[in-house]
Amino acid sequence: MRDKEITMVVPDLTKREATQMEKDIINMKSKVAPKAKATVAVGKASNFTSLMERVRKGIGD
């Protein structure tokens, strides 16, 4: 049954670290759950609320 999801917040990253984590998450999702939908949002902590809203809307299609 596909009824689980992961929500992840990783603060205090440099731009380089955030970019690398984004790539790694996308690659891992493709390997582990290739048919699952996914949205990754990377941005400043001050924009956290709007980032999370966009992520939820992107997955909720």
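Tallying residues that are surrounded by 10 or more Cβ atoms within 10 Å (Cβ to Cβ) and either touching a Lys or Arg at 6+ places or on another chain (Cβ under 6 Å) or among the hydrophobic types (A, V, I, L, M, F, W, C) (or both) within the range 7-24 yields 4.
Against the test of being of a type outside the set (A, V, I, L, M) and in contact (Cβ under 8 Å) with a residue 24 or more places away in the chain, the options LYS23, LYS29, LYS37 yield a single qualifying residue, LYS37. Among the residues in the range 48-60, are any small (Gly, Ala, Ser) and touching a residue at least 24 places away in the same chain (Cβ under 8 Å)? Looking through the range 48-60, none of the residues is small (Gly, Ala, Ser) and touching a residue at least 24 places away in the same chain (Cβ under 8 Å). Residue-level check: of (1) open to solvent by 100 Å² or more (accessible area, probe 1.4 Å); (2) in a helix (DSSP H, G or I); (3) hydrophobic (A, V, I, L, M, F, W, C), MET1 misses just (2). Of all the numbered requirements in (1) part of a helix (DSSP H, G or I); (2) open to solvent by 90 Å² or more (accessible area, probe 1.4 Å), ASN27 misses one, and that requirement is (2). Of all the numbered requirements in (1) part of a helix (DSSP H, G or I); (2) modelled with pLDDT of 80 or more; (3) surrounded by 13 or more Cβ atoms within 10 Å (Cβ to Cβ); (4) β-branched (Val, Ile, Thr), VAL40 misses one, and that requirement is (1).
The values are calculated or read from the model by the stated rules, or taken from the named source; none is laboratory data. Keep in mind the model is a prediction, meaning the values are calculated, not measured. Methodologically, a virtual Cβ is constructed for each residue, glycine included, from the backbone with ideal geometry; neighbour enumeration extends over all protein chains shown. For the accessible areas, the whole protein counts, side chains as well, though only heavy atoms, and no ligand, DNA or RNA atoms are used. Shrake-Rupley method; radii C 1.70, N 1.55, O 1.52, S 1.80 Å.
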